[in-house]
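Any read-out appearing in this document is the output of simple, stated calculations on the displayed coordinates, not a laboratory observation. Note that the coordinates shown come from a computational prediction; the quantities given were computed from them, not determined experimentally. Note: ideal-geometry Cβ built from the backbone for every residue, glycine included; neighbour counts use all protein chains shown.
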Amino acid sequence: MKMQWKSVTLALALFAGGAICWAQSGGEATYKAKCQMCHGANGDGETPAGKAMKVKPFSDPVMIKMSDTTIVNLTKNGSGKMPAFKDKLTDTQLKEVVEYIHELQKKK
């Protein structure tokens, strides 16, 4: 009985741990690691680095109208003071970040 209880407890712990891992999308994790410092947690650009570089918020009409391809290309190749990420992010990561940016835009 004691061994069975330990097995159930272990299974529940693994299940809960797996659920926590799935709570954050790949795009969200990449955004937090690579983009948030300048673009801010909610994409408003209201960080010291974002203000210094005059980052446009993702809610700006110009940003909302940008195609996914344009956002990917700007991120890959850099733009103005924004560095290029072509050697730092895969195409899949870039696509996931763009999807996450759209999620941030919907929250505005």
Q) Quick one: what pairs do we get from the range 79-106, first residue surrounded by 13 or more Cβ atoms within 10 Å (Cβ to Cβ), second of a type in the set (Phe, Trp, Tyr) and part of a helix (DSSP H, G or I), C-beta under 8 Å, 6+ apart or different chains? A) 97/31; 100/31; 101/31
Q: Keeping to the range 60-108, report how many residues are assigned to a loop (DSSP other than H, G, I, E, B) and closer than 22 Å to residue 24 by Cα.
A: 6
Q. Can you tell me which residue in the range 26-48 is farthest from residue 95 (Cα to Cα), limited to those that are assigned to a helix (DSSP H, G or I) and in contact (Cβ under 8 Å) with a residue 60 or more places away in the chain?
A. 34
Q. What pairs come up if the first residue lies in the range 49-74 and is without any contact (Cβ under 8 Å) to a residue 40 or more places away in the chain and within 19 Å of residue 94 (Cβ to Cβ), the second is of a type in the set (A, V, I, L, M, F, W, C) and assigned to a loop (DSSP other than H, G, I, E, B), and their beta carbons are under 9 Å apart, counting only those six or more places apart or on different chains?
A. 74/66
